[in-house]
Structures are given as structure tokens and as C-alpha cells.
Amino acid sequence: MEQGVYMALDRSDVNPAQYETQLSPEEDKKFWTWLDTQHTQKHIGDGDYNYYKQRGYGYDYDFRAAYVDKQQQGDNGHWNDIGKKPNHPTFSVESKYAKDAPGYAGHWEGDLYVPPVNEKHYIPEVHDGQ
């Protein structure tokens, strides 16, 4: 397997607050209970959880979308792509927001993320032979 690093993408023009599923007040109250439970069960990390608690929306993942779609964290420790926002490193055509930011959407070939053609995402390591 080729060794390499993922470089950070400059998607500073993406406003994460713009990409958040809207819920009724009653449903949003249920969402917050669900979010607390997911965090308590270690399905949502402290960083994502605290960002939600402080701002009311996610940074690069819309957990409200996962909640509405009745998604759970996968066996691999990741959530599916439905709630990925355009500033997520593996934002894909499977996200509900792909139609809003198609230039940022890559795709999956099995377990391999293929970035959109307009972005250089994966940088192979250079080895000097030692």
C-alpha cells in the first residue's frame, strides 16, 4: 500500500452554518437528546459535540441529517456521508449537500476516496531510499 499524507484543503469559503438540516422545535429538542446520547455512548467525539453545543450546528458534519435519516455510527467508527458538509475532507456525491457544492464533491471507489478533479488531495510521501 502506498504511503502518503492527506493535506488540508482550503475550503475557507464554506460557511458550515449554511449546511444544517432544519427541524421543527419539537423535533430539534429530540435531536439534542439524541446527540447527547450519541456523545455519551462515544459515537460522537468531544470536538464535534462541543462545537454543536457552543454554536448549535456542526463544523463539517450535519448530525441532524444523520438523526433524520436514522443513521448510526458504522463499525468502522465513521458516520455515513449523508451529513458531510462541503468543508469535510471526504465530502462526496453521497452527501445531501453535494448538489449545492458539486465542485467539492469527490466519490468513493470501494474504501478509497477519490477527490474531485479540481483538487489535489492526496500527496504521496517521497522516500529517499534509506
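The values are calculated or read from the model by the stated rules, or taken from the named source; none is laboratory data. Keep in mind that what you see is a predicted model, and the values were worked out from it rather than measured. Neighbour counts are summed over all protein chains in view; Cβ atoms, including those assigned to glycine, are modelled from backbone coordinates with ideal geometry.
Listed values, structure above:
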quantity: Residue check for Tyr97: over 20 Å from Val117 (Cα atoms) and surrounded by 13 or more Cβ atoms within 10 Å (Cβ to Cβ); calculated: no
quantity: Residue in segment 79-86 that is out of contact with any Lys or Arg (no Cβ under 9 Å at 6 or more places or on another chain) and of a type in the set (A, V, I, L, M, F, W, C) present; calculated: yes
quantity: Any hit, segment 62-73, residues being within 9 Å of the chain's Cα centre (by Cα) and surrounded by fewer than 19 Cβ atoms within 10 Å (Cβ to Cβ); calculated: no
quantity: Among the residues listed as Lys85, Lys53, the single one being touching a strand residue (DSSP E or B) at 6+ places or on another chain (Cβ under 9 Å), within 15 Å of Pro16 (Cβ to Cβ) and modelled with pLDDT of 95 or more; calculated: Lys85
quantity: Selected residue (criterion: farthest from Gly56 (Cα to Cα)) from residues of segment 9-32 that are at pLDDT below 95 and touching a Pro at 6+ places or on another chain (Cβ under 8 Å); calculated: Leu9
quantity: Search result, residues across segment 77-100 that are of a type in the set (Val, Ile, Thr) and either in contact with a His (Cβ under 6 Å, 6 or more places away or on another chain) or in a loop (DSSP other than H, G, I, E, B) (or both); calculated: Thr90, Val93
quantity: All helices (runs of 4 or more DSSP H) inside segment 23-76 with 2 or more residues being polar (S, T, N, Q), more than 30 Å from Asp13 (Cβ to Cβ) and out of contact with any Cys (no Cβ under 9 Å at 6 or more places or on another chain); calculated: 25-40
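Yes or no, residue by residue, for (1) within 26 Å of Glu27 (Cα to Cα); (2) without any contact (Cβ under 8 Å) to a residue 24 or more places away in the chain:
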position	(1), (2)
Tyr49	yes, yes
Gln54	yes, yes
Tyr59	yes, no
Gly74	yes, yes
Ile82	yes, yes
Pro86	yes, no
Val93	no, yes
Gly106	no, yes
